[in-house]
1. Could you tell me whether any residue of segment 65-83 is under 34 Å from the mean Cα position of the chain (by Cα) and surrounded by 15 or more Cβ atoms within 10 Å (Cβ to Cβ)?
2. How many residues, within segment 61-94, are in a helix (DSSP H, G or I), at pLDDT 90 or above and of a type in the set (A, V, I, L, M)?
3. If I filter segment 385-403 for residues that are in contact with a strand residue (DSSP E or B) (Cβ under 9 Å, 6 or more places away or on another chain), more than 25 Å from Tyr341 (Cβ to Cβ) and touching a residue at least 24 places away in the same chain (Cβ under 8 Å), do I get at least one hit?
4. Would you be able to tell me the number of residues in segment 252-270 that are without any contact (Cβ under 8 Å) to a residue 40 or more places away in the chain and in contact with a strand residue (DSSP E or B) (Cβ under 8 Å, 6 or more places away or on another chain)?
5. Which of the residues belonging to segment 430-447 are crowded, with 19+ Cβ neighbours inside 10 Å, at pLDDT below 95 and not in a loop (DSSP other than H, G, I, E, B)?
6. Select the strands (runs of 3 or more DSSP E) contained entirely in segment 356-420, then report the ones holding at least 1 residues which are in the same structural domain as Ser268 (by TED's automatic domain parsing), small (Gly, Ala, Ser) and under 22 Å from Phe270 (Cβ atoms).
7. Which residue pairs have Cβ atoms under 7 Å apart, sit 6 or more places apart or on different chains, and have a first residue in segment 339-360 that is under 23 Å from Ala380 (Cβ atoms) and a second that is surrounded by fewer than 18 Cβ atoms within 10 Å (Cβ to Cβ)?
8. Which one is nearest to Phe334 (Cα to Cα), of the residues in segment 270-304 that are modelled with pLDDT of 90 or more and touching a Phe, Trp or Tyr at 6+ places or on another chain (Cβ under 7 Å)?
Amino acid sequence: MSEDSRQLGEKLFSSIEIIRGTVSPVKYKEYLIPLIYYKRVSDESARIDANPNEGESETKASKLVPYVEQRYRWRVICEPSDDLSQRLSEALAEIPVHDAVKPVTANTDFEILQEDDVLQKLVERLDKIQLDFGSAPPEEFGPIFDNLLTRMYQIEGRGGGGFITPRRIVQLAVQLTDKLAEGTSVHDPTVGSGGFLVQAAEQLGDDTGLHHLEKQVTGQDINPVVAGIARINLEMHGVDGDIAVGDSLSAPQFTTDSELERFDVVLSDFPISSDWKKSELEDNPYGRFPEMKLPRGDRADYAFILHALACLKNIQQDERGGEAALIVPEGIFFRQSEKRYRKHLVENDYIEQIVHLPEDLQQHHSLETAILKLNTDKPAEREGEIRFVDARGEDFYENKNDTTRLTLRGVNEAIAAANDWDNNSEIARTVPRDRIRATDFSLNLAEYLPASDDPARYRFIQRARSQSKGEGKSENIESEDPSFAQRLSDLITASDNAVYVLGKYGGATEAELLDVRNELRDKGYEAYIDRDLEDFPTQDLSGSVTTTMRLAKFCVMVDREASGHLNEYQLAQLNRTVLARLTPEDGGSSRMIGTAEMIDVNYIEEFEFEVRPQERLSEAVDWAEEMVSKRRQKYTEMYDWRER
């Protein structure tokens with residue numbers, strides 16, 4: 001980035017400071033993005049009027065943004081006045097923006113910024129910055145706008161419910177897709193702010209800029225405002241992408257004759273383990289779930305993966321294949337309930353590479369993730385094989401300002417390891433399909449790269465998987481093979497440090513669960529939320545939760561919302577589980593239980609917090625440890641045979 005670009009970026013970033021304290025950080029985007037967009041398209045319209053004979057390339061780039069009539073231009077509307085907020089809102093509503101952009105620009109109310117002349121100060125700051133395509137061409141302004149978006153998402157934090165995929169993860173995923181070099185179509189079914197499409201467009205572009213791509217990149221998002229931001233982001237980079245609004249699983253917008261459109265490349269960082277409208281899709285429209293049970297309604301991971309696969313070109317219908325690079329949670333590789341989907345992908349040879357990433361890379365969660373690369377037309381020399389890469393080591397990332405992020409060197413080393421199919425090492429291995437069949441279609445990295453196995457992380461998972469398969473059965477309790485009694489003994493010993501974190505999934509509440517889990521891990525516990533763990537295939541949901549409660553040393557519940565915990569609370573009560581409830585001062589969901597808390601349940605304790613559950617976590621843990629200790633002592637006295 002040039003010095004001029006850096007200075008331009010700092011001037012834009014300084015606008016955040018002007019509104020800080022006037023509105024919540026989660027609202028920064030609501031006001032700053034429309035204003036900066038308005039300033040840019042207004043300045044560009046003025047430049048076009050001043051240069052009617054400019055070259056074709058510049059004209060095409062300019063046509064990506066709307067033309068603003070003289071009466072609605074920035075310098076006319078933003079004169080100091082008492083009704084500045086109303087004039088801005090009216091002007092933004094009159095600009096002929098792309099349909100996808102309207103939710104961002106058409107309904108913005110700037111009235112709150114009128115207080116203390118904040119809006120006037122913001123306008124004056126932006127007025128000093130020239131943002132037309134001549135002063136700030138797309139190849140320079142695009143990255144600046146990216147950085148601004150990233151900074152706003154970082155400021156709002158997990159509580160905002162939104163996120164932006166870190167740029168290095170995007171780079172790594174895009175560079176894994178070989179077919180981008182062919183200059184073909186790219187789609188993101190959960191487009192977010194458009195980062196994947198921008199990165200793909202840059203790889204597809206040439207020295208004349210990116211405007212020549214003409215809708216080679218497309219995307220869809222369920223949130224209209226987020227989709228609008230994606231379209232704006234593309235325009236800021238000079239990319240003519242087609243962005244649609246809707247749920248890609250239940251209402252895909254890119255269809256032809258009731259069939260999904262197929263693309264050369266699909267890129268996605270879909271919401272992890274989210275709910276989806278499974279009940280509406282049991283008849284399998286678009287043929288995305290071939291002859292198999294649909295994924296769980298509260299765990300859409302494989303629904304998104306199979307949707308991405310169905311959106312790829314294939315040899316049978318298109319005479320060429322397609323590739324997908326998807327950011328996925330680690331759990332999809334070993335959860336027994338999802339074996340059928342792994343088997344489908346492996347047996348049909350759709351998986352080409354899996355690159356495992358460090359935990360805590362994402363702003364909105366701390367889970368370990370991986371990049372899953374699918375290919376519907378693998379090269380002959382790679383057929384029947386999958387390349388596993390462990391990019392979780394310290395050589396791949398850095399910790400800076402309490403943030404973990406991939407380094408450019410890490411991206412390059414991961415790409416090199418992923419593509420070096422003939423050489424196996426401690427961090428990468430090419431695994432034949434027969435080997436994967438022998439592990440009952442587990443894609444757990446520890447199966448194939450033993451050096452990567454972190455016992456503290458995998459012990460609970462590996463044992464759960466082993467139990468669900470019934471491994472190690474023996475009629476002779478003295479056999480060299482581990483008997484049920486031995487495995488049970490090992491499990492009890494290993495679980496003595498395990499904590500089960502309960503709560504509601506989705507959005508900011510799930511982020512709180514992850515924060516509590518991670519703080520417990522920092523305290524030395526093996527802490528897990530439900531989605532970290534395997535299902536028990538012979539039990540219903542209540543049975544699985546009950547079994548996990550009994551195996552854990554104690555449980556912690558983040559009890560913020562008015563639904564979602566009632567059954568878990570009752571299960572803990574019935575099974576005498578040591579449970580520390582972290583509840584907000586204004587009450588949690590379990591208070592709906594009524595007279596339950598009048599019962600003498602001294603193994604369940606409530607800890608009220610003001611803002612964050614972690615405020616009382618240390619106190620809750622101390623209480624739980626004391627309760628577990630007292631219980632052991634009491635039961636040892638009661639059952640004297642336990643001393644033997």
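The values are calculated or read from the model by the stated rules, or taken from the named source; none is laboratory data. Since the model is a prediction, treat every value here as computed from it, not as a measurement. Cβ sites come from the backbone with ideal geometry, for glycine too, and all protein chains shown count toward neighbours.
1. Yes: segment 65-83 contains one or more residues that are under 34 Å from the mean Cα position of the chain (by Cα) and surrounded by 15 or more Cβ atoms within 10 Å (Cβ to Cβ).
2. Total meeting the criteria: 7.
3. Looking through segment 385-403, at least one residue is in contact with a strand residue (DSSP E or B) (Cβ under 9 Å, 6 or more places away or on another chain), more than 25 Å from Tyr341 (Cβ to Cβ) and touching a residue at least 24 places away in the same chain (Cβ under 8 Å).
4. 1
5. Leu445, Ala446, Glu447
6. In segment 356-420, the matching strands (runs of 3 or more DSSP E) lie at 369-375.
7. Short answer, once both residue conditions are applied: His344/Met292; Val346/Arg433; Asp349/Glu383; Asp349/Gly384; Glu352/Arg382.
8. Tyr302
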